[in-house]
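Each remark here refers to the structure printed beneath this line.
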């Protein structure tokens, strides 16, 4: 029986969906509204000015979260030992109460 190891690749689908939802769909919707209301290109420009910074923020944040996830898998953080257990003198895992 094979055990599945977690993937250490960037989830491009997650990044693409975020970009699609925050930039592509709103701009396409604005284009359609511009054609329908004959206000071209004003709604498209306003939507682009708003959505480009938002999409940039969301995609970069998602990419950094993906990078953190990959780093966590590849190089997990070091375990810190408790000072009381590290300086234990009686050897049973409990802090020495005689001090």
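The values are calculated or read from the model by the stated rules, or taken from the named source; none is laboratory data. On a predicted model such as this, the values are computed, not experimentally measured, just so you know. Cβ sites come from the backbone with ideal geometry, for glycine too, and all protein chains shown count toward neighbours.
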I want to confirm something. Restricting to segment 59-99 and keeping residues that are assigned to a helix (DSSP H, G or I) and modelled with pLDDT under 85, which single residue is nearest to residue 18 (Cα to Cα)? 83
Report yes if residue 56 is part of a helix (DSSP H, G or I) and in contact with a helix residue (DSSP H, G or I) (Cβ under 6 Å, 6 or more places away or on another chain), otherwise no. no
Restricting to segment 12-39, count the residues that are within 24 Å of the chain's Cα centre (by Cα) and in a loop (DSSP other than H, G, I, E, B). 0
